[in-house]
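What follows is a single structure, written as structure tokens, with notes after it.
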Amino acid sequence: MPKMEVNASVEENMVVRINARDNFLLADATEKDGGNSAYASPKEMFMASVASCKVMTVMLYAKRKGWEVEDVEIHLEFSPQYGRDYVMYQRINIIAELEEEKIKKLKEIAELCPVGQYMKQGVTFVDQ
């Protein structure tokens, strides 16, 4: 897998500009955390990266199999409590006219998304 890189810097106040390849995103802290809630918070972006990765993983698999999938909807809930195991609750809805066996397989495939795998395995940060 090729090396991935992102860069982040302060745009203004608590708004952060994130550059990834030729794209950019903006993040903001919630009002409770001193921001303006103008954009998704880093915690929400974390969840969004998991959700979008699962959707893409399912769609790519279905496409390879030649299965017609209209949509994949993923709802995540996360209430982190420091010092405890982190649990993210998910609801996956696959909108397709497929046999139940194939729907079940697609839900299993969602668990193989790379972002979810990184999260489950853990990541070590090394200063350069």
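The values are calculated or read from the model by the stated rules, or taken from the named source; none is laboratory data. Nothing here was measured: the structure is a model prediction, and the numbers come from that model. So basically every Cβ, Gly included, is an ideal-geometry build from the backbone, and we count neighbours across all protein chains shown.
On the stretch given as region 110-122, residues that are surrounded by fewer than 13 Cβ atoms within 10 Å (Cβ to Cβ), modelled with pLDDT of 90 or more and outside any helix (DSSP H, G or I) total 0. Per this entry, Val58 is counted among residues that are in contact with a helix residue (DSSP H, G or I) (Cβ under 7 Å, 6 or more places away or on another chain), among the β-branched types (Val, Ile, Thr) and within 22 Å of Met4 (Cβ to Cβ). The set of residues from region 81-109 being within 26 Å of Lys63 (Cα to Cα), surrounded by 10 or more Cβ atoms within 10 Å (Cβ to Cβ) and in contact with a strand residue (DSSP E or B) (Cβ under 6 Å, 6 or more places away or on another chain) comprises Gln90, Ile92, Asn93, Ile94, Ile95, Ile103, Leu106, Lys107. Here Met47 fulfils each of the conditions (1) of a type outside the set (Ser, Thr, Tyr); (2) more than 22 Å from Leu112 (Cα to Cα); (3) surrounded by 14 or more Cβ atoms within 10 Å (Cβ to Cβ) apart from (2).
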